[in-house]
Amino acid sequence: MKQNIATCFYGRDGPIMQKHTTHWRSVANRALYSVHKKGIVSVTSSYKFLNIMRSLAVLCLGFAVAFAQEGAERNTTALRDCLETAKVPFYESDAKDWEDYASPFNERLEYTPAAIAVPTTIEHIQLAVSCGSEHGVKVTPKAGGHSYASLGLGGEDGHLVIQLDHMYNVTLDTETNIATVEPGARLGHLAAELFEQGNRAISHGTCPGVGVSGHVLHGGFGMASNTHGLALDWVIGMTVILANATVVECSESQNPDLFWAMLGAGSNFGIAASYQFKTFEAPANVTWFSAQLPWNHSTAQAGLEALESYAKNTMPAELNMRLSGSSRSASVEGVYYGDGEGLEAALEPLLNKTGGSISDAETGGWMDAVEHYANAEVDVTYPYEMHETFYSKSLTLKGLNGTSASNFVDYWYGTASNVTRIWWFQIDIHGGKNSAVSKADPGLTSYAHRDKLFLIQLYDRSFGTYPELGFEFLDGWVSNTTADMAPSDWGMYINYADARMDRTTAQNVYWGVSLPRLQEIKAQVDPTELFYYPISIEPAMELAQPAKSLAPETPAETVKVKVKAKTIAELDEELKLKLEEISGEGGAAGLEYENGKAVAMKRGVKENMFSFLAAMDSLAAILSVILGSISLKEETSKLYDATNSWKPLLGTGQNFLEIMDIPFSPGEPTRLLLQATNINNDNASGNLPAQEMHTIRVYFMENIGDCRGRSLIGTTSSFAGSPAMISQWSLPSKKNLWETHSYKLSLAPTLVPENMIGNTEHPYIDSISIAAGTI
Ligand SMILES: Cc1cc2nc3c(=O)[nH]c(=O)nc-3n(C[C@H](O)[C@H](O)[C@H](O)COP(=O)(O)OP(=O)(O)OC[C@H]3O[C@@H](n4cnc5c(N)ncnc54)[C@H](O)[C@@H]3O)c2cc1C
């Protein structure tokens, strides 16, 4: 990193910029002048212009990164001082156990925390939250560490990770059969303790190392869910540490909004520090089984449709089951609460229709079935080491039949069978007439998928680095399967998180109908997003204000940690040393110091460059559009044409600038379409109205006449004729230059059959529009 910055600063363009900034600015202004005078620039000059913009963006990014790093390092040092003063146990990157705690389950996604706190009490968690909040470091709880997207590490570098697995106690009250569970217990330990202490159980997933917290707070589906519901259905109360470091209790009667939000989207609202679970009696007779299905490309669709009908109408509550598929086989496996005879009778209607027979089954007790599906030691706490490298996607579906079933099957036996990595999928029977998941009151928790029949995960594993080209395999499977579905017919499961999706799409697919209320609650309890990760829930804009206290009548005292502040002189000296370090071989040359402070990077280079950018007074000029293989001529002329015309695209009072209309042709590669770089907020130019905050929104619209209104591009839904928001960010007016934001709109051209392009009788998509603006 240091080397890159040094190269950027001292490379071919570096000294020229420093010495000739005036000349450099005037060249750039001339380019702008030509844009404004003529309205349309020639293809060559616009191309050059875009190139200048790109180089500038890269350069600015270099400096921004350097300064951001500097700030982050300062915060990290202060954070560590704070944790030390507060006596919260924590690890720094040179600690012996650092590797164990910092390495994720999914090794495809490794992130470096600022520090890892290892609390053993609720007060430690409170103090750690307070330290993170005080020093501007995002805080992320990590329980079992099994998030598919490494969200337990924050899904990015630099978080204060609160590793909870030293707090794993499970205590069952044998009078009430209510269990009190610490937040770092793992599922296997929970199952073992509940059984041991009183022959009790709750419903949960199969992997014993998965943390109770991540699992329960976002759903929790397993081999007892058809009979007993989701893991979160067994929670009756919780102790939560909020972003303001207060401790609150929540349940159906106490802070019910928080309780509702925590059960389905808990990672966004606070740190669950203790749970109260009701429990059920562990069943005495449990039969696990598997049955091979002799499916092939021509029979699998009928098989899936038979499975759908069986799951919807026939499958008894005592049966819990999933379909598994790979390049080699299809099978169903599961657990029946009863004996072998009961199992055979329960499965008969399905096997009659789909072929296949039970190949393996055994009746035992509750823990035998838990052990069978754990496929590993059950009673595990810490230390815990298990890793894989993979990419995974999920789907929650109301059904798979007709076109969607045939799309799924074609992809399975066509595209997927050519992929040589180890991949598989599982279709859990999640809903249906007799399912406890479907029958539970959908309003009690924020889990948004109770109306879905199937819970699917698609899993593609690699040994060694996951290939860049691998992603399109599962992305394509999902987009093919959902191509013909209404947006309300499908969603995704955050417990199989995929952080490659943009934030808006992710929030919609993971939290569906619950999202608006979740965003309101987020605005109340964590408006500054202390508990942030790249696909976390955004606070509702209009409500975001300092956190409302949910503390009980006798509020727990807000924890404040006092740390000896460094003097300005000490901080300046640190900064000077750091800047000298990053200046590379040229030493401190290029950095000017005034009174011992490094100012040249800020004034000499940074300001000149920034004032150049600030001089650009059109949104078109500051949106650099990377068009991949699209004809530049077509797009840039449209881009500049639109420069001065703000269009009320979405109603009066909302200014949106239509940027481009992109013809759509199948067979083109997926590409990056829009990148808004260093957005100029120079009010003097009159483009942006003066106001406290500007919200920039980017919309896209599929130009389809088809009134069925479905999503054809990626996973973002856009109904025919109405734009869908794909990205949004809010920035204060005071800033003249806003940071880089980009949105990757992935086109999956395979979705559009060649013969449908331009077909007016059955209009499909033939172009997309992107609009951006500020409100
Ligand atoms: C091998 C394997 C098998 C799995 N099997 C199943 C299955 O059968 N059924 C199923 O439904 N899922 C299953 N999952 C998915 C699993 O449920 C999720 O990945 C779950 O979120 C993991 O929880 P964790 O605590 O281990 O993960 P972590 O990575 O520690 O946490 C996951 C998320 O929860 C947040 N979080 C953690 N602790 C807290 C807390 N105390 N308060 C608030 N937020 C918190 C984290 O910040 C993060 O966002 C499986 C995953 C793996 C890797």
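The values are calculated or read from the model by the stated rules, or taken from the named source; none is laboratory data. What you see is a predicted model; the values in this text were computed from it and never measured. Cβ atoms come from the backbone with ideal geometry, glycine included; neighbour counts cover every protein chain shown. The accessibility values were calculated without ligands, DNA or RNA, using every heavy atom of the protein model including side chains. Shrake-Rupley method; radii C 1.70, N 1.55, O 1.52, S 1.80 Å.
At a probe radius of 1.4 Å, what is the per-residue accessible area of LYS439, in Å² to the nearest 10?
Estimated to the nearest 10 Å², LYS439 gives 140 Å².
Largest first, what is the accessible-area ranking of ARG200, ARG74 with a 1.4 Å probe? Please list the in-between numbers first.
Working: ARG200 35, ARG74 80 Å².
The ordering from most to least exposed comes out as ARG74, ARG200.
Quick check for you: with a 1.4 Å probe and neighbouring chains kept, what is the accessible area per residue of segment 122-217, in Å²? Don't skip to the end; give the middle numbers.
Working: 2660 Å² over 96 residues.
Per-residue accessible area for segment 122-217 comes out at 28 Å².
Only Lys, Arg, Asp and Glu count, each charged at its Cβ (+1, +1, -1, -1), so figure out the dipole size of segment 82-213 about its Cα centre, rounded to 20 debye.
Values: 7 positive and 18 negative charges, 59 e Å.
So the dipole magnitude of segment 82-213 works out to roughly 280 debye.
Kirkwood Rh, Cα Rg: Rg to Rh for segment 272-385?
Details: Rg = 16.6 Å, Rh = 15.9 Å.
Rounded to two decimals, Rg/Rh equals 1.05.
Enumerate by residue number the chymotrypsin sites (Phe, Trp or Tyr not before Pro) in segment 425-499 meeting two conditions: DSSP loop (anything except H, G, I, E, B), and at most 11 other Cβ atoms within 10 Å of the site's Cβ.
Working: sites: PHE425, TYR447, PHE454, TYR459, PHE463, PHE471, PHE473, TRP477, TRP490, TYR493, TYR496; in loops: TYR447, PHE463, TYR493.
Those that pass, being in a loop and sparsely packed, are PHE463.
Mind checking the per residue accessible area of segment 470-547 for me, 1.4 Å probe, whole number of Å²? Write out the running numbers ahead of the final one.
Working: 2600 Å² over 78 residues.
Dividing the accessible area of segment 470-547 by its residue count gives 33 Å².
How would you classify segment 205-343 from its alpha-carbon gyration tensor, with a ≥ b ≥ c the square roots of the eigenvalues: rounded for a/c under 1.5, else prolate if a/b is greater than b/c, otherwise oblate?
Values: a/c = 2.81, a/b = 2.09, b/c = 1.34.
The shape class here is prolate.
Taking Cα pairs under 8 Å and at least six residues apart, what relative contact order does segment 145-217 come out at, in percent?
Result for segment 145-217 is 28 percent.
Can you pull the accessible area of GLU249 for me, 1.4 Å probe, Å² to the nearest 10?
The accessible area comes out at roughly 80 Å².
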